[in-house]
Amino acid sequence: MALAHSATPHPETAAIARHVLRHAAAALCLALCGCATTATDFIARDHVGDGTFTAGIEGPATGPDGALYVVSLGKDGTIGRVDEHGKAELFVTLPEGSVGNGIRFAADGAMFVADYAGHAILRIDPATRAISVFAHLPGAHQPNDIALAPDGTLYASDPDWANPDNGQLWRIDRDGGAHRLESGMGTTNGVEVSPDGRRLYVNESVQRNVWVYDRDEAGALSNKRLLIRFDDHGLDGMRCDADGNLYIARYGAGVVAIVSPAGELLREVPLTGRKPTNVAFGGDDGRQVFVTLQDRGAVETFRADRPGREYGQRPTAGQ
């Protein structure tokens, strides 16, 4: 979910200088490790135009059908389906009183949706579009974003926007059991699991911290430490690529920051919109990155040099 207030912008000249330096450093790193990029990589363009979604635009996630799913199509409390050409249509309207935020897809194709108004995780059957409550989160403020570990365990961020030091973190087991793992955090927002399932990342929007935890086979967390801290603007949703690099929506900065598992800022991808809320991977090869923009009600997209750790796969011809 986007920040509840506008961040103070930094001088444009400084931003341009930082971007040039980081781009050069990232290019050198890629050359040294033998990873090639093309001239069209990391250049954002429009995928869905302005005003298609409300200011509550979030999600996003690519389904097993290859389509992109994004919340708040035309009005809050809805989920839209966006095809490869950027055409958006209504997928479902959520039950009265429910408002969706983060979306993830399970291995069986089921859609999980963070219902921040209903303090629950919803499950949507992709075939019948039937909606049920998968988990209740008693004592939750939201939830906001969700992450799905390789073993099917869910994690949910739970910010308290009225109190920036009252954020929470939840684990939702495969049977729907919900466990509050931590309280008294900052404004917990983006959440993601590493490709091997051994790390959990959580960011705090107002405090601009990205934390990393070790994760064991039972889903328990330990050894919390700071991965990276940003000096300006805010943080929102994030996703890992297949190598474990984090793609972080930098709300107010108008960029997607790419951070290595060691906490190094590799590059920033400039966007047209200033308020990205979340990112997702998709496309035929998993290298297409989709970014939801609050200030535009739109979706921008760019090509990455690596696939995401999770992304929908298009049906083959004839299916």
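The values are calculated or read from the model by the stated rules, or taken from the named source; none is laboratory data. Keep in mind it's a predicted model, so treat the numbers as computed, not measured. We place every Cβ from the backbone using ideal geometry, glycine too, and count neighbours over all the protein chains shown. The accessibility values were calculated without ligands, DNA or RNA, using every heavy atom of the protein model including side chains. Shrake-Rupley method; radii C 1.70, N 1.55, O 1.52, S 1.80 Å.
List of remarks:
- Unique match (being in contact with a Pro (Cβ under 9 Å, 6 or more places away or on another chain), surrounded by fewer than 22 Cβ atoms within 10 Å (Cβ to Cβ) and at pLDDT 95 or above) among N189, N166: N166
- Only listed residue being touching a residue at least 60 places away in the same chain (Cβ under 8 Å) and surrounded by 21 or more Cβ atoms within 10 Å (Cβ to Cβ), chosen from D236, D243: D236
- A262 meets all of the listed conditions (1) hydrophobic (A, V, I, L, M, F, W, C); (2) farther than 25 Å from A88 by Cβ; (3) touching a residue at least 24 places away in the same chain (Cβ under 8 Å) but one, namely (3).
- Of all the listed residues (Y247, Y213), the sole one being within 26 Å of A44 (Cβ to Cβ), at pLDDT 95 or above and not small (G, A, S) is Y247.
- Long-range neighbours under 6 Å by Cβ, at least six apart or interchain, first residue under 9 Å from L235 (Cα atoms) and basic (K, R) within the stretch 198-213, second open to solvent by less than 10 Å² (accessible area, probe 1.4 Å) and modelled with pLDDT under 95: none
- Candidate set: the stretch 175-198, residues that are within 21 Å of the chain's Cα centre (by Cα) and not in a strand (DSSP E or B); chosen: the one nearest to H141 (Cα to Cα): T187
- Checking each residue in the stretch 50-75 for being surrounded by fewer than 24 Cβ atoms within 10 Å (Cβ to Cβ) and either out of contact with any strand residue (DSSP E or B) (no Cβ under 8 Å at 6 or more places or on another chain) or more than 19 Å from A156 (Cβ to Cβ) (or both) picks out D50, G51, T52, T54, A55, G63, P64, D65, G66, A67, G74, K75.
- Residue within the stretch 144-160 that is part of a strand (DSSP E or B), open to solvent by 10 Å² or more (accessible area, probe 1.4 Å) and either touching a strand residue (DSSP E or B) at 6+ places or on another chain (Cβ under 6 Å) or at pLDDT below 95 (or both) present: yes
- Top-ranked residue in the stretch 124-156 [being among the hydroxyl-bearing types (S, T, Y) and within 20 Å of the chain's Cα centre (by Cα); ranked as farthest from S98 (Cα to Cα)]: T153
- Contacts under 6 angstrom Cβ, first residue in the stretch 105-129 being part of a loop (DSSP other than H, G, I, E, B), partner open to solvent by 10 Å² or more (accessible area, probe 1.4 Å) and among the basic types (K, R), 6 or more apart: A110/R123
- Conditions (1) out of contact with any Leu (no Cβ under 6 Å at 6 or more places or on another chain); (2) over 24 Å from E300 (Cβ atoms); (3) part of a strand (DSSP E or B); number of the one not met by V212: (1)
- Scanning the stretch 271-279 turns up one or more residues that are more than 18 Å from R303 (Cα to Cα) and open to solvent by 50 Å² or more (accessible area, probe 1.4 Å).
- Count - residues of the stretch 253-294 that are polar (S, T, N, Q) and either in contact with a helix residue (DSSP H, G or I) (Cβ under 8 Å, 6 or more places away or on another chain) or part of a strand (DSSP E or B) (or both): 4
- For V133: the one exception among (1) β-branched (V, I, T); (2) open to solvent by 10 Å² or more (accessible area, probe 1.4 Å); (3) over 18 Å from G176 (Cα atoms): (3)
- Complete set of residues in the stretch 81-117 that are open to solvent by 60 Å² or more (accessible area, probe 1.4 Å) and of a type in the set (D, E): E84, E89, E96, D108
- The residue that is most open to solvent (accessible area, probe 1.4 Å), counting only those in the stretch 207-231 that are out of contact with any strand residue (DSSP E or B) (no Cβ under 9 Å at 6 or more places or on another chain) and more than 16 Å from R180 (Cα to Cα), is E217.
- When residues in the stretch 275-288 are screened for being under 26 Å from A55 (Cβ atoms), of a type outside the set (F, W, Y) and touching a residue at least 60 places away in the same chain (Cβ under 8 Å), 6 of them pass.
- Number of residues in the stretch 189-222 that are in contact with a Ser or Thr (Cβ under 7 Å, 6 or more places away or on another chain), under 15 Å from R171 (Cα atoms) and among the β-branched types (V, I, T): the value is 2.
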